[in-house]
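To start, the structure itself, in structure tokens.
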Amino acid sequence: MNEPRATPAIIVDRLARMGAYLAAASGAWFAASLLLTHSAWGAGASQSALTVLPYLLVLRALSWHKIGLAGVMLAHVGLRDLVRLAASTAAASLVLLPLLAFLDVPLGAPLPAVLILEYLLTTAGIAACWTSVRWRHERRHPRSRTDAARALIIGAGDAGEQLLRQLLHDGRHDIVVVGLVDDDPDKRSRSLHGVPVVGTVDELRALAAIHQATLALVAIPSITPEQIRRLVVRCREADLQMRLLPPLRHLIDRAFHVEDLREVRIEDLLGRAPVHLDLSDIGRDLAGGVVAVTGAAGSIGSELVRQIATFHPRVMILLDRAESPLHATHLAMEAAHPEVRFVPVLASVTNSARLEQVFRRYRPEFVYHAAAYKQLPMLETNVVEGLWNNVIGTLRTARCAARHGARRFVLISTDKAVNPSSVLGVTKLLAERLVLELPSLRAAATDFRVVRFGNVLGSEGSVVPLFAQQLAAGGPLTVTHPEMRRYFMTIPEAVQLVLRASALPEAAGQIALLEMGTQVRILDLAEQMIRLAGRVPYDEVAIEFTGLRPGEKLEEELIAPGETAIASSEEKIRLVSRVRRANGDLARQLRNLTVLAARGDETALLRALAALTPDRHPELDASLEARAVPGAASLPQGPRRARRAAALAAIGGGEPHPDDGHASNGHAGNGHASNGHAANGHASNGHAGNGQVERLVLHAPFPNN
């Protein structure tokens, strides 16, 4: 890419500067010649100086032009500029001697000594001019502004020096640095750019009072969560607002700026360093392709859309049934990435006819299935909707992806699917199983895989936004149990995991999970959020314990019984090896669940779900025993054939043939046919083997389908 051409004004300015520098070199040359000839100016000395001077000036001009000396910004000149000046000037002097010898130029003075003295005078003179200009610039922005915030910089290392230098040189920021704080005893009583190191972090309260500081700027890019927690406490005690520099990984490709300072976030306090993965492989796959994201308006789905868009796919299908959030996501993405065609699709993943229409029209190559109900308490009291959306919706989307030639299908799962104790966990486990184990999907050319992770900070309905709302209302913060612990990751981390796992060759047909570190105690999270708000836990803001909710576990798990974690080619990602069961009946079991869901029989549905999860948590069985859904329907208790006929009738089918080989014609109650069309309302003939059973599940009617 060609650099922009300099304007005439810039050219004139640089020529003028170069002329001034060459004039300084000329004066230094004559001064050095005069001092070293041991006599007043005579004809010989003067003639010798005049003879050599043109060669000197040409070499000086060439060397200085090479380093761009005339373009140096004098108001911000630094040590690196001085080193470049000294090096280029010395190089020209070294070239001059052999050049004069080669040209046989007569010399009348001790040339080497004159050159050395001229070099010193020229370099010192230009450096003095630079320093004077910078000093005058800095005097325009005095550090003693009475209307500016008085700040202490925590960290007197390289980052602290850069931050201090920017604040001293840039008058746009209303911050006056009154001192530096560092725990290194060797830095005590020293100074940076005239600002003293006044004490340690443990003395922060006294230092803030002495220097009347109101702001603490933390300039330690490699700071750990433990150190941040300590600083949060000290700053609260000192009544200081706290700002952080970005983490070190953000400063590798560029220098930081004062604008990068930000407030402490709850993810900064987690017990592990955030993970950043190499996404170049998946970026090459997605570039120029067609990508579909279900649940595209949700927390994970919208972040998936944002990160995938940076790889410039040709078309992105944003599928969600929440109109306003989908509209907002679509508008934001169109503004951020006008080169990508975004197609908002307002639809439910349980609507097989709509899915068929979308997949047939756009034929996405990559499908990221993030659509799911995720709120544990809601699904405990809405079992039918939970199963229909999380299980049947997943199956219908996966079958559409396979039927229309998608290269890859990635299911977003959760650690609650491990040893499940809740309806949410069971439905997500079944979604994992059907994607990886259903015979017809395993036989398809589509690469099916699953990504499993823990709780996501800041997602809709998660504990962090809840705590923030409770804090805004003055408290109390509600925690179910003092020993409740969870794995946490940020939304960008979760999406990076999804994208990286979708590119690993060895993850095909497997479950991938991130190295999550240790679980975080929810009580600790609540206390830290209170401290981040500048308040005292239990004193200024209460914390109440409400007791475990139905389906909750004290601690989550990442690996279930019968599963083992094995390393992958990505250090931070592991693959789950699962003992595969004989799943010839999985499709038939799914049909049974569909029948029960269509009838709204939550009690029977819960028992059927439990029967499909032999590795379930005992809490699930206890919940089943304790609950009784009022008004729930019960399956007929007559002969087996009569019960099955009633179940089929509930989804619009006729009585099955006694040998279980055929399903006869029947009318669909809501007008949807089993082939996905709503026009004729008839269910088609077919065999009741695995393929037909899956078709029955795919197109079974349901309210609001």
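Scanning region 400-428 for residues that are in contact with a strand residue (DSSP E or B) (Cβ under 9 Å, 6 or more places away or on another chain) and either over 14 Å from residue 373 (Cβ atoms) or open to solvent by less than 20 Å² (accessible area, probe 1.4 Å) (or both) yields a count of 17.
Beta carbons closer than 8 Å, at least 6 apart along the sequence or on distinct chains, pair a first residue in region 598-610 that is within 11 Å of residue 385 (Cα to Cα) with a second that is assigned to a helix (DSSP H, G or I) and of a type outside the set (Val, Ile, Thr) for 598/650.
Among residues of region 223-260 being charged (D, E, K, R), within 16 Å of residue 167 (Cα to Cα) and at pLDDT below 85, the one that is surrounded by the fewest Cβ atoms within 10 Å (Cβ to Cβ) is 259.
Could you list, in sequence order, the residues of region 525-552 that are in contact with a Gly (Cβ under 9 Å, 6 or more places away or on another chain) and open to solvent by less than 60 Å² (accessible area, probe 1.4 Å)?
Going through region 525-552, the residues in contact with a Gly (Cβ under 9 Å, 6 or more places away or on another chain) turn out to be 530, 535, 540-544, 551.
Hits for region 525-552 are 530, 541, 542, 543, 551.
Candidates 471, 457, 477: the one that is more than 21 Å from residue 496 (Cα to Cα) and out of contact with any Pro (no Cβ under 9 Å at 6 or more places or on another chain) is 471.
Looking across 381, 310, one residue alone is within 20 Å of the chain's Cα centre (by Cα), open to solvent by 10 Å² or more (accessible area, probe 1.4 Å) and not hydrophobic (A, V, I, L, M, F, W, C). It is 310.
So if I check each of 53, 97, which one is part of a helix (DSSP H, G or I) and either open to solvent by 30 Å² or more (accessible area, probe 1.4 Å) or at pLDDT below 80 (or both)? Working first, answer last.
On the way: 53 fails: either open to solvent by 30 Å² or more (accessible area, probe 1.4 Å) or at pLDDT below 80 (or both).
After applying the criteria, what remains is 97.
Residue count for region 474-491 satisfying the condition of being modelled with pLDDT of 90 or more and open to solvent by 40 Å² or more (accessible area, probe 1.4 Å): 5.
Residues that are within 28 Å of the chain's Cα centre (by Cα) and either open to solvent by 40 Å² or more (accessible area, probe 1.4 Å) or modelled with pLDDT under 95 (or both) within region 356-370 comprise just one, 365. Scanning region 379-398 for residues that are at pLDDT 90 or above and of a type in the set (Asp, Glu) yields a single hit, 385.
Taking residues in region 555-566 that are open to solvent by 50 Å² or more (accessible area, probe 1.4 Å), and partners anywhere that are of a type in the set (Asp, Glu), the pairs with Cβ atoms closer than 6 Å and at least 6 places apart or on different chains are 561/615. Of all the criteria given as (1) surrounded by 20 or more Cβ atoms within 10 Å (Cβ to Cβ); (2) under 25 Å from residue 415 (Cβ atoms), the one not satisfied by residue 326 is (2).
For region 168-239, please list each of the strands (runs of 3 or more DSSP E) lying entirely inside it that holds at least 1 residues being in contact with a Pro (Cβ under 9 Å, 6 or more places away or on another chain) and over 18 Å from residue 534 (Cβ atoms). Working first, answer last.
On the way: elements: 175-181, 195-199, 215-218.
Counting at least 1 such residues, we get 175-181.
With the structure loaded, tell me whether residue 45 is open to solvent by less than 30 Å² (accessible area, probe 1.4 Å), on the phi < 0 side of the Ramachandran plot and modelled with pLDDT under 85 or whether it fails that test. Taking the combined requirement at face value, the residue satisfies it.
Among 501, 508, 494, which is the only one that is hydrophobic (A, V, I, L, M, F, W, C) and open to solvent by 20 Å² or more (accessible area, probe 1.4 Å)? Quick ask: steps written out before the conclusion?
Details: 501 fails: open to solvent by 20 Å² or more (accessible area, probe 1.4 Å); 494 fails: open to solvent by 20 Å² or more (accessible area, probe 1.4 Å).
Unique residue meeting the criteria: 508.
Considering the conditions (1) open to solvent by less than 20 Å² (accessible area, probe 1.4 Å); (2) over 14 Å from residue 267 (Cα atoms), residue 522 is excluded by exactly one of them, (2).
The values are calculated or read from the model by the stated rules, or taken from the named source; none is laboratory data. Keep in mind it's a predicted model, so treat the numbers as computed, not measured. Because the Cβ atoms are built from the backbone with ideal geometry, glycine has one as well, and the counts that use them run over all protein chains shown. For accessibility, only protein heavy atoms count, side chains too; no ligands or nucleic acids. Shrake-Rupley method; radii C 1.70, N 1.55, O 1.52, S 1.80 Å.
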